[in-house]
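Presented below is the structure to which this report refers.
The values are calculated or read from the model by the stated rules, or taken from the named source; none is laboratory data. None of these values were measured; they are calculated from a predicted model. When we count neighbours, we look across all protein chains shown, and the Cβ atoms used for this are built from the backbone with ideal geometry, even at glycine.
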Amino acid sequence: MRIAINALTIREGGGLVALEKLLSEFIRLKPEYEYYLIASKALPRLHCLEHKTVHRCHFVWAERNFPMITLWYLAVLPAWLQRKRIDVLFSQTSYLPPLIGLKRAALLVQDATYFCRNPAWYPRLSTLDRVKFGLRRLWVHRSVAIADEVTVQTQALANLISGCIPSATDRIKVIPHGPGYLDKPCPRQIGRLQPSDIFEIVYVAFYRDHKNFATLIEAVKLLRSRGIPVRLHLTLDRSKPEVINLERQIDQLGVSDWIINHGQLSRSAVSELYENSHVFVFPSICESFGFPQVEAMAFGLPIIAADTPVNREVCGSAAAFFAPDNAELLALLIQRYYNHPEELSMASRRSAQRAAHFDWTKAGGETLGWMTNGRAAH
């Protein structure tokens, strides 16, 4: 069997993690299959790409702009799939060729923003950006409508998609993914706080409007005004204009001494950040899954998350939740963990227990089976 994996626009974040882990499991389960990976030349070096059955394919010109990528999806990709005699197209970009004539097409939807109704960040977009987003959303909805199988990581996202495209309901399968970039959980005990200790808070995320940094930063300001010695750690790319603007806002709020932006980090550095923190906060309001939540739980970090259906589904009883726009409640939850170390330890144990529910082996087998024959691969 020949499987084409469309990862043309994937370079970082959760999409890259899912690509690496799922492809590794596909190769382990079905080493006799041929895998044609459509990816950017900027894709980081991954061990799974060295396997003899993986053929890396580049279409550099298609990455230049929206018109070029549209042409690629409309004409070039369908012709290329036929020429290579591909049996299954598995797209991890949320897009399929709009006029599809394939043997079998499967879609992994990892971006919930195209299905969220009335997102708070939408009015802040310029008119041009609204038009672009609207066109992309129409394309994603069309892709879901024509796919033979649709895979999502949470039931909450499945419900959102079904609400937008009812005809897709019976073709959607919920397959939770594994513990982020980790192969398995590696929890550790959080040490008892000393009076002189700073309470280390971490939020691992790229900048997006729906990541809700404003609420978290306001909570830090509230905590410091009450004498709680907190320090927030971020992992934002300092070269991005939106990050530069956020750092300017942090300065204006007078909290820059208590917020450290480490920039983009390697996986080993992210692991070290998790290991040296006391609490993981996840204020994001529109997610398909949220790998950092699962990674943090895998390290035994207590979780405080925005109260959304996806976050509740992923974290279960392991997390404490706050209304996404309520910085006061977020500050109170962090303060409670600081003042009650026994509750911090209990929350750490709950996180480690919850992390055990996420397994890449199971996710890979179910994904490969669902997109090829409708049942799990073994």
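Search segment 153-171 for residues being closer than 20 Å to N311 by Cβ and among the aliphatic types (A, V, I, L, M), and hand back the single one that is surrounded by the most Cβ atoms within 10 Å (Cβ to Cβ).
L157
Pairs linking a residue in segment 340-365 that is of a type in the set (K, R) to a residue that is part of a helix (DSSP H, G or I), with Cβ atoms under 6 Å and 6 or more positions apart or on different chains, are R350/A318; R354/M297; R354/G316; R354/A318. Across segment 309-323, a minimum of one residue is classified as within 30 Å of I161 (Cβ to Cβ), in contact with a Leu (Cβ under 9 Å, 6 or more places away or on another chain), modelled with pLDDT of 95 or more and among the aromatic types (F, W, Y). Exactly one residue out of L37, L19, L23, L8 is at pLDDT below 95 and outside the structural domain of F206 (by TED's automatic domain parsing), and it is L8. Filtered by the rule that a residue be assigned to a helix (DSSP H, G or I) and more than 21 Å from the chain's Cα centre (by Cα), segment 1-46 gives I27, R28, L29. Mind checking whether some residue in segment 167-174 is in contact (Cβ under 8 Å) with a residue 24 or more places away in the chain, touching a Gly at 6+ places or on another chain (Cβ under 8 Å) and over 21 Å from I3 (Cβ atoms)? Among the residues of segment 167-174, not one is in contact (Cβ under 8 Å) with a residue 24 or more places away in the chain, touching a Gly at 6+ places or on another chain (Cβ under 8 Å) and over 21 Å from I3 (Cβ atoms), which makes the answer no.
State yes or no: is A319 more than 13 Å from P179 (Cβ to Cβ), of a type in the set (A, V, I, L, M), in the same structural domain as S348 (by TED's automatic domain parsing) and buried (at least 24 other Cβ atoms within 10 Å of the Cβ)? Spelling it out, A319 is indeed more than 13 Å from P179 (Cβ to Cβ), of a type in the set (A, V, I, L, M), in the same structural domain as S348 (by TED's automatic domain parsing) and buried (at least 24 other Cβ atoms within 10 Å of the Cβ). Note on segment 6-53: residues that are among the β-branched types (V, I, T), closer than 14 Å to T367 by Cα and in contact with a Phe, Trp or Tyr (Cβ under 6 Å, 6 or more places away or on another chain) amount to 0. Looking across segment 205-252 at every residue that is farther than 23 Å from V270 by Cβ and of a type in the set (D, E), the one that is surrounded by the most Cβ atoms within 10 Å (Cβ to Cβ) is identified as E218.
Among the strands (runs of 3 or more DSSP E) confined wholly to segment 98-188, which include 2 or more residues that are not aliphatic (A, V, I, L, M)? Answer list for segment 98-188: 149-152.
Which of the residues belonging to segment 44-67 are farther than 23 Å from F26 by Cβ and either among the polar types (S, T, N, Q) or surrounded by fewer than 14 Cβ atoms within 10 Å (Cβ to Cβ) (or both)?
Step one: list which residues in segment 44-67 are farther than 23 Å from F26 by Cβ, which gives 60-67.
Result: V60, W61, R64, N65, F66, P67.
Of the residues L71, L43, L22, which is free of Cβ contacts under 8 Å to residues at least 40 places away in the same chain and under 29 Å from L236 (Cβ atoms)? That would be L43, the only listed residue that is free of Cβ contacts under 8 Å to residues at least 40 places away in the same chain and under 29 Å from L236 (Cβ atoms).
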